[in-house]
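Read through the structure below, which is laid out as structure tokens, and then see the notes.
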Amino acid sequence: PVRPRAHPSPPQARRWRAPPALPTPRQGIGAAGGGARLYLPGGGPVAGGSRQSATLLVLG
């Protein structure tokens, strides 16, 4: 199943931390950072790639 979790890790922290859940589950996405924001375009709301989202999540 696809879960609404991400596990970012700032390099200086040297450890993973679990942030709050994402607003919607995503799998198979790319990500880009700019300033203090993280951009998560598209991705699939279900496993297997049978459906893709047109949503752009902007975090931060």
**Report entry** Label-point separation in nm, ALA36 to ARG51, each point 7 Å along Cα→Cβ
**Finding:** 3.4 nm
Query - For ARG26, residues with placed amide H under 5 Å, excluding near neighbours - result: ARG3, ARG5
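No lab work stands behind these numbers, since they all come straight from the coordinates. None of the values given here were measured: they were computed from a predicted structure. Methodologically, a virtual Cβ is constructed for each residue, glycine included, from the backbone with ideal geometry; neighbour enumeration extends over all protein chains shown.
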